[in-house]
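Right, one structure below, let's go through it.
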Amino acid sequence: MESLIDKIVSNPDLLEKTSHVEFLSLIQSSLQLGDMSALKEVVNIHTGIYEYQKHGASWFKSKFPDNLWVLNFGTNDAKIAWDLVELNDGTKLTNSKNYKILNTFKHWVLACGDPIAHGGKLVTSKYIERKIQEVITIINGILLHSSYIDLANNHFVLANFDFFVSLFTKMVISGSTEGIYSHVENVRDYLINNIEKVSDREVQELKAKYPYLSVELIESEKTLNLTNEQRIKACCWLNSIGYYRKVKRFWAKGNGTILKEVIYKNRIIPRKIYLPTFPELWLEEEVLKTEYKPINYRNDSDESDYMKPATLSQYLVTLKYLYYVTEKKNVVEINTHELQKVDLGAIYDSFLDISKGRMRTQDPEFVLSLMRSNFEFIIEHQGSILESMLKVIKGLAVYRKLNPNGHNDWLKSTGQSLIEDDLIKLGVKSISKLEKGTVDKFIKLRANESLGELYTILVGNIGILIGATVARRGGEIQSQKPFGNLVPDVNPFENPEQEYWIKFNNEKSGVSIGSSHNKVEERPILHTLAGFIWKLEQFNKSLIEIGVSKEKEIGLLNSFSQNHSPMFIQLNKDRLGDTLDTVCDYFETPVYELSPGRYFRNYIRSHQLRRFFAMCFFWSSNDKDGMDTLRWMLGHTDLEHLYHYISESDTGGVLKG
């Protein structure tokens, strides 16, 4: 048996041909002889531990002491330039005095692929690559706060529980990019430190060239909180450093790459990060897709924008790799007891404290008026719109098989004859949607000239009613299936007494601590709305049956474009927003002059409808258990977060009726 041990050590592939009896004997013999060499090969096959310790990571193409690391997880090399980072005392990270900090960061990166750090489990190269990106993200967060914690002198002494909870809380609220890099704060600080270098002559010249700089911005456009004078000087400074150039072309909104270079140079490990543009720094007003600029309530975030517990949990796993790092030589001292306390509960407790007052609900009268318009439009026009669209799409599908090109001519001629008579009387003149920049686009929209736009309005109306009466999140509305959303799945028009529920994937808001997967749940729905959904589902089934759409490409609510293939595609966040905007422009929701000569429209969003539902339910309920019922309807697990929904200044007079 001893010879078998030797054979396996020299050729581990023999393990695959070893019988069950031989394998048990191998274990017994190894234990008796105290020779674990063959069993190490068994463990190595399943974990890679010994291979990793002996030969290192296959994806790591450098040597540990190198100042430039090269990693490869596929076709392209990724690089980590340790020597491009400076600490808060002005010394390079690679300076000999900082060797413990550098070693800590390096071992942290290598831990991402070490089977020991993963409890002896094999992990894929894709997983390792993602973990390394997370490590670099957290390291950059530490580097950007190096002055605050005096990283150069104190090392990780102040990188404690409070520090990491604060860092991760920012990520929950603002996402991993803004939460770590604090673009708003860093851009503002950079500009304030440089605008005094701008002369009055430069200010006057730029104002004369770009009149938009003299336009008075409203509060929601002032992300950087600059005064009018600071704003103009900031634009002058940015113009001098080439901020308004992109690939040798003028770029009125600015080029974030330029700012990223000057702000973060030598402060972080270089990596691809997106730095957004800011309305305060635009030289020209943007071309709108909507009729008016939208009213944006500052800090009015959709809870679906918050980092999900599943994502945050992965970052916490990455943080805990520091346990593994503490066992290495020549690293900084790390208080693992402090790290142990950094968990989901601590971060979301902090999140709830910070997020108080962030939520803003639309005026109840505005929402109720809009809902009335939604109901009336659907009741009157849904049948004709869907029947006309289906006839046109069927005819177009046949035409396209014979004539792959020229379908626009067919739509203008033959397709027009397939539209229902009542829609022709309503004003429909074409099937195509109104393109951006169309002359009198919004007049034509409200004159019902486009069947494609009427379909968009129909879809938007149903989305608004789902949000306002079932309190579903935007992501939950977007992810609804093309059919089969009703429980029971039977025709509401043939079952007038039947109570209906709607199925959805509970998106689990960022403030709900629970399982990471989206659980399928059901909530009661109005019978009338169930009928609207049923009709739309039958239309979606027809699209699939005639081969125009694939089931995986569409949802319950879809966008339509005659020029795209496929013509129907499931709504995502941006397309849902565009659809709701079209509804508001069609029904001419209120417009306000918020600065001289500048008008803004009240455009609705799904998270505002969700809050409207919460306020409406709260003020109309006399049930002592109403809060638990409301929490169940919303899909929350945290009562404190629910309280933030209903603790606004509105006293509920309108909602009480």
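Please state the charge dipole magnitude for region 336-479, taken about the Cα centre, from unit charges on C-beta atoms (+1 on K and R, -1 on D and E), reported in debye and rounded to the nearest 20.
Charge dipole of region 336-479: 460 debye, to the nearest 20.
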Practice task
Whole number in Å², please: accessible area per residue of region 69-110, 1.4 Å probe, ligands, DNA and RNA not counted.
Solution key: 42
Problem - For region 133-208: accessible area per residue (Å², 1.4 Å) - result: 42
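Quick check for you: with a 1.4 Å probe and neighbouring chains kept, what is the accessible area per residue of region 327-482, in Å²?
Per residue, region 327-482 has 46 Å² of solvent-accessible surface.
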Exercise for the section: Starting from the Cα of Lys126, draw a straight line to each of the lysines and keep only those under 18 Å, dropping any in the same chain fewer than 8 residues away. Expected result: Lys61, Lys79, Lys272
Handout entry: Calculated FRET efficiency for the pair Lys425/Val398, C-beta based, R₀ 25 Å, to 0.05
Key = 0.40
Fill in the blank from the handout: For the chain, the dipole about the Cα centre with charges only on Cβ (Lys and Arg +1, Asp and Glu -1), to the nearest 20 debye, works out at 1840
Completion exercise
The farthest towards the positive end of the charge dipole of region 109-256, of the residues Ile132, Tyr244, Asn228, given +1 on Cβ of Lys and Arg and -1 on Cβ of Asp and Glu, is Tyr244
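Using mean Cβ contacts within 10 Å as the protection proxy, how do 163-171, 178-186, 372-380 order, highest first?
Values: 163-171: 21.2, 178-186: 18.8, 372-380: 16.0.
Top of the packing list down: 163-171, 178-186, 372-380.
Run the numbers for Ile379 and Leu594: contour at 0.36 nm per residue of separation, minus the present Cα-Cα distance, in nm.
73.9 nm
Fully extended, how many nm does the chain gain between Thr326 and Ile116 (0.36 nm per residue separation, minus their Cα-Cα distance)?
That works out to 74.3 nm of additional length.
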Handout entry: Protein accessible area in the chain, 1.4 Å probe - carbon and sulfur %
Key = 50
Problem - Distance in nm between pseudo-label sites at Thr257 and Asp409 (7 Å out along the Cβ direction from Cα) - result: 4.2
Practice task
Could you calculate the FRET efficiency of Asp189 with Val520 from 1/(1 + (r/R0)^6), where r is the beta carbon distance between them and R0 is 35 Å, rounded to 0.05?
Solution key: 0.15
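Is it possible to state the helix-based mean residue ellipticity at 222 nm for the chain, with each DSSP H run of 4+ residues giving -39500 (n - 2.57), the sum divided by total residues, to the nearest 500 deg cm²/dmol? What is it?
-15500 deg cm²/dmol
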Fill in the blank from the handout: Bridge orientation stat for the chain from DSSP, antiparallel percent rounded to 5, came to 90
Handout entry: Charge dipole (the chain, unit charges on Cβ, about Cα centre) - positive-most of Asn602, Pro482, Val331
Key = Val331
Problem - Residues of region 440-475 with amide N under 15 Å of a point placed 7 Å along Cα→Cβ from Trp632 - result: none
Exercise for the section: Rounded to the nearest 10 degrees, what's the angle between the helix 309-319 long axis and the longest principal axis of the chain, both from Cα atoms, 0 to 90? Expected result: 20
Exercise for the section: Please name whichever of Asn154, Ala447, Trp632 sits farthest to the positive end of the charge dipole of the chain, dipole taken about the Cα centre and charges placed at Cβ: Lys and Arg +1, Asp and Glu -1. Expected result: Asn154
Exercise for the section: Tell me the label-point distance for the pair Ile241, Gln32, using the 7 Å Cα-to-Cβ offset, in nm and rounded to one decimal. Expected result: 7.5
Completion exercise
For region 404-514, the dipole about the Cα centre with charges only on Cβ (Lys and Arg +1, Asp and Glu -1), to the nearest 20 debye, works out at 540
Fill in the blank from the handout: Taking the reciprocal of mean 1/r across every pair of different Cα atoms in the chain, the Kirkwood radius in Å is 29.3
Problem - Normalised contact order of the chain, rounded percent, pairs of Cα under 8 Å and 6 or more residues apart - result: 12
Fill in the blank from the handout: Restricted to pairs 8 or more residues apart or on different chains, the lysines in region 521-624 with C-alpha atoms under 30 Å apart form a number of pairs equal to 8
Completion exercise
For Leu594, the residues 5 or more places away or on another chain with a placed amide H closer than 5 Å to its own amide H are Phe600
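The values are calculated or read from the model by the stated rules, or taken from the named source; none is laboratory data. In this text the structure is predicted, and so the values were computed from the model without any measurement. Neighbour counts are summed over all protein chains in view; Cβ atoms, including those assigned to glycine, are modelled from backbone coordinates with ideal geometry. The area values use the complete protein model at the heavy-atom level, side chains included, leaving out ligands, DNA and RNA. Shrake-Rupley method; radii C 1.70, N 1.55, O 1.52, S 1.80 Å.
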